Amino acid sequence: MTVRRWLAVAVLAYAAGVALQFAVSPPDAAARALVALSPTVLLGLLVGWRRPASPAGPALAGLGAAPALTWALEDWGASYATAHPLPGALLGAYLGGGGWVLNFAGFVALCLVFPTGPLPGRRWRAVPWAFLGAAALVIAVIGLEPLGYADRGGPLPGTAPLPLGIAAFRVLDVVAGLVLLAVLGAAVAALVTRYRGGDDLTRVQLRWLMLGAGSVPVLLAAGWVAEFAGAPIAVAYTGFVAAMVLLVPAAVAIAILRHDLLDVDRLLSGTVSWLVTSLVSAGVFALVVLGVAQVSARADDRVGITAAAFVTALALLPLHRRVHAAAGRLLDRERTVMVASIRRFVGAVRDGRAQPEEVEAALRAGLGDPALRVLLRLPGTGGYVDLAGAAVEVPLENLLPLAARDAEVGALVLGRSTARRRRQARELAVEARLPIEVSRLRIELRQALQDARTSRARLVEAVTEERQRLERDLHDGAQQRILAVGMRLRSVQRTLAPDGPVHAELDAAVGGLEATVAELRRIAHGMRPSRLDEGLAAAVGDLVRDSPVPVDVRVDDADVSEAAATTAYYVIAECLANALKHAGATRIGVTVRPVAAQLHVEVDDDGRGGAVAGFGLTALGDRVAALGGRIEIVSPAGAGTLVRAFVRAGV
């Protein structure tokens, strides 16, 4: 039979039960039954309409149909003791005493088919037949000895065709009860089996059923307490009835139609934590009151109550924490494991055992989403960057913005997006806010440092160009004009007598001009060696030509910028000066070679070593750093000195 036909059968059974109740029961009782059971059947119809293939729709309708038929059967039998019994009321009285067991029919059907249909295997197909057999046994036992339930409103005396003794009845009653409990346990075992072997969706749906069904025993116990306290039965068990006909069906409908409406794991673990904490706290309260009363019979009741309240308050908070943690591990294990993994990662970041940029991998592992991406938004920018600082195109789908202090700091891009996954991702993002924020700050710092390096490199390049311009101006401008003046003075000098005073003065003036030209050449050479126009190798060769100690020079051809060549030249010049003036070196080596995008400069000597970075090397270090490079100095005492400089070649 198809799912739609089962749904039609269940609805017809409910309609028949309600119609029978209006026929055999007082109108007010029949109306109460209609009002109480109609929400369950309507939810079954809704599920059947929205999910035609789901067996939960017929099961919900059956959850309302079974009580409707059972109540009609009981009212039919109850008419036997009235002045105007209904036709066949004797049979109804016989069956109605144990007819309450049929209320479980809808529950058994729901357990066996929720949420994806019957489980495969003969033993599961036998459970419905076993329930019918157990129900028949209970009805027969109670019908055979009505006196055993007479004090509980059971069948009327005289309706049993084969009365039994009380002792025999009790034995059969226990046997029938155990058989019924075994069948109900088998139905619940179907849910356990389905949960253990089900996928994530099945488990979430089953947890919704657990949440709704878990309220039934709690409210039933509350009804017992209320009845013991003197409340009318109709009032005491209102919550229990509401749980049966409203909470459980509503939970089933949500599980099928909107399983990700709320975080059922947190609801379930929070409910269990609250329940256990409340029960234990009530027990502590009662024990303290009883203990105070036993210590002193004359003690004021207010003292006991105050002491109990104080002790309960002290125990409540740590108790709730422990119970909440235990319930989370048991009922919300997926979330507990995810949060614990992220907290361990955050602890590793705090301890320096992990880098904050690894947060993306940690979130991927925690959520089980290998396609997840962590994007960051930098202040003053309109887009997102990844954890390496590279700009990315952001897809509009599956985007989960992250905010802190009313400002957006980034976003998560989920590979799989559902309402439940988004809730989990938000919670994990809150747990991982430290590494996310640190990653963002580190990107900002790296960009700020890069901007500073770029700015310094531009300044060095500008200074180098300015020095080159000044060197050309001095060579082509001032020097040439001074030389022209000197030549004119020499021409005038030749027209004068060699032994005259004016001749001597002109000779001294020309000598001063020649000294001025030599000083200008020295200044221009200090600004920028003119031999650099012929290449770095020529400039270095000119630099070491007059060295008093041998210098081994190896300069490989390299296409480098003007600033890089000038910086390399000054590094070599400063190291040569230090080796000759302070180290007492007898041999010096100079090596310049391009490596990838850098120019490697090495100057080593066999001097006394023990060199420290003085003003000259410190200034060179700043100049090299301005080009995005660095300097290394290795100078053990008595073993010479090695200076390495790494300069960006393409600045």
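The values are calculated or read from the model by the stated rules, or taken from the named source; none is laboratory data. Model, not experiment: these values are computed from the prediction. Counting neighbours? That spans all protein chains shown, and the Cβs are built from the backbone with ideal geometry, glycine included. Side chains are part of the model used for accessible areas, which takes the heavy atoms of the whole protein and leaves out ligands, DNA and RNA. Shrake-Rupley method; radii C 1.70, N 1.55, O 1.52, S 1.80 Å.
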Review point. Which Cα, out of Pro39, Val9, Trp49, lies furthest along the positive dipole direction of region 1-144 (beta carbon charges, K/R +1, D/E -1)?
Key: Trp49
Review point. Going 7 Å from the Cα of Met487 in the Cα-to-Cβ direction, what parts of region 500-517 have a backbone nitrogen less than 19 Å from that spot?
Key: 507, 509-517
Review point. Where does each of Asp173, Asp507 land when they are ordered by accessible area, with a 1.4 Å probe and the largest first?
Key: Asp507, Asp173
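For region 349-452, give the magnitude of the charge dipole about the Cα centre (Cβ charges: +1 Lys/Arg, -1 Asp/Glu; no others), in debye to the nearest 20.
Numbers: 16 positive and 15 negative charges, 78 e Å.
It comes to approximately 380 debye.
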Exercise for review: Return the FRET efficiency for the residue pair Arg350, Ala23: r is the Cβ-Cβ distance, R0 is 51 Å, and the value is rounded to the nearest 0.05.
Suggested key: 0.10
Exercise for review: Quote the accessible area belonging to Ser25 in square angstrom, nearest 10, computed with a 1.4 Å probe and with ligands, DNA and RNA left uncounted.
Suggested key: 10
Check your understanding: Roughly how much of Asp542 is accessible, in Å² to the nearest 10, using a 1.4 Å probe?
Key -> 50
Review point. Rank Glu505, Glu431 by accessible area, highest first, at a 1.4 Å probe radius?
Key: Glu505, Glu431
Exercise for review: Could you work out how far apart the two model spin labels at Ala452 and Ala361 are, taking each label as a point 7 Å from the Cα in the direction of the beta carbon, and quote it in nm?
Suggested key: 2.9
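Rounded to the nearest 0.05, what FRET efficiency is calculated for Asp546 and Ile633 with R0 set to 30 Å and r the Cβ-Cβ distance?
Numbers: r = 25 Å, r/R0 = 0.85.
Taking R0 as 30 Å, the efficiency between Asp546 and Ile633 is 0.75.
Could you give the accessible area per residue of region 61-119, probe 1.4 Å, as a whole number in Å²? Write down the numbers at each step before the final one.
Numbers: 2320 Å² over 59 residues.
On a per-residue basis, region 61-119 sits at 39 Å².
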Review point. If you take the beta carbon distance between Val430 and Arg123 as r and set R0 to 45 Å, what does 1/(1 + (r/R0)^6) give as a FRET efficiency, to the nearest 0.05?
Key: 0.45
**Study point:** Accessible heavy-atom area order of Met338, Met210, highest first, probe of 1.4 Å
**Key:** Met210, Met338
Study note, to complete from the structure: Once both label points are put 7 Å beyond Cα along the C-beta direction, the Ala140-Arg494 separation in nm becomes 15.1
Revision key, fill the gap. Between Arg593 and Ala407, the two model label points (7 Å from Cα along the beta-carbon direction) sit apart by a distance in nm of 4.9
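Under the 0.36 nm per residue contour assumption, what length would be gained going from the current alpha-carbon distance of Leu178 and Arg554 to full extension? Working shown, then result.
Numbers: separation 376, 0.36 × 376 = 135.36 nm, distance 9.93 nm.
Taking Leu178 through Arg554 to full extension adds about 125.4 nm, to one decimal.
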Revision key, fill the gap. Once all protein chains are kept in place, His84 shows an accessible area at probe 1.4 Å, nearest 10 Å², of 150
